[in-house]
Amino acid sequence: MNKIVILAAGKGTRMKSSLPKVLTPLCGKPMIEYLVDSVIGAKVDGRPIIVVSPDNKEAIEKTLSSYGCDYAIQKDQLGTGHALACARGLFGPEIKNIISFYGDHPFVQPDTVKKIADSHKGIITMVTIVVDDFEDYRKNFYNWGRIVRKGDEVEKIVEFKDATEEEQKIKEVNPGFYCFDKDWLCENIEKLTNNNKQQEYYLTDLIGLAASQNHKINTVIIDPRQAVGINSPEELAVAESLIK
């Protein structure tokens, strides 16, 4: 069985709003609802886990009250790896794979959720997108982690802030959608370190960890438009233009 986890604990201070970021309206609808609709519609997991913070839990639960969701709390904002780790207590013994998304990605479609689940093999399946440039709506991707390959194999993901000038030129980037073998994930997520400029535990570091263990990283490439995320008023305007 698959369990889907949506990371939604971020405060989203860049949105310059008192609302939790994932509740920011996109054409009148909270952005996280678009993603939850797709998750439910994919029929991969009918009861996703939403990782929230103590501050936004009540508001998000109220917004999603018509959906069947479970909630995990990330008390401290220590990064995406830490956020996913906070959901482990809700991973039942019957669960084989964990699929994770970010709550600020409203364009993911049900077929993509199903494609990730159906394409999974090995320890990790990660979604990537490939662009020709970072113009137009693709400018939203410029600050994303770069996929570093050795030949055809994924070697690691380098966050933009930690990337060299040469790595920043890479046009294959990471939207942050993954499918993990549950047992491997639970065994290895505690091995993450915060030795980076943000001093956070990056979920992306699991890719390099798996590669260092000689695991092959399975990849799925999707339409870049489905990967558009929203972290600022400027990115919200881009997303609204895509819908219109």
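Which FRET efficiency value, to the nearest 0.05, is calculated for residue 215 and residue 27 with the Förster distance at 45 angstrom and r the Cβ-Cβ distance? Efficiency at R0 = 45 Å is approximately 0.65. Hull volume per residue, based on the alpha-carbon atoms of the stretch 98-155 and their convex hull, is 126 Å³.
Simple point charges give the picture: +1 on the Cβ of Lys and Arg, -1 on the Cβ of Asp and Glu, and for the chain a dipole about the Cα centre of about 320 debye. Average projection, convex hull of the Cα set of the stretch 1-147: 9.7 square nanometres. Stretching the chain fully between residue 183 and residue 161 yields a gain of 4.9 nm (0.36 nm per residue, less the alpha carbon separation). So if I take the centroid of the Cα atoms in the stretch 175-244 and the same for the stretch 1-68, what is the distance between those two points in Å? So the two Cα centres are separated by 17 Å. Inter-label distance, residue 14 to residue 242: 1.5 nm, where each label sits 7 Å from its Cα along the C-beta direction.
Going from the residue with the fewest nearby Cβ atoms within 10 Å to the one with the most, 186, 179 rank 186, 179. As a calculated quantity, the FRET efficiency between residue 47 and residue 130 at R0 = 25 Å, using C-beta atoms, amounts to about 0.15. Put a plus charge on the Cβ of each Lys and Arg, a minus charge on the Cβ of each Asp and Glu, and nothing anywhere else: the dipole of the stretch 64-122 about its Cα centre is then about 180 debye. Highest average first, the peptides 32-38, 196-202 ordered by how many other beta carbon atoms sit within 10 Å of their residues are 32-38, 196-202.
Counting DSSP beta bridges with both partners in the chain, what percentage is antiparallel, nearest 5?
Among the beta bridges of the chain, antiparallel pairing accounts for roughly 50 percent.
Placing unit charges on the Cβ atoms of the charged side chains and taking the dipole of the stretch 2-243 about its Cα centre, the candidate lying farthest along the positive direction among 124, 68, 237 is 68.
Throughout, read-outs are computed from the coordinates displayed, never taken from laboratory work. This is a predicted model, so every value here is computed, not measured. Cβ coordinates were reconstructed from backbone atoms using ideal geometry, including for glycine residues, and neighbour counts include every protein chain displayed.
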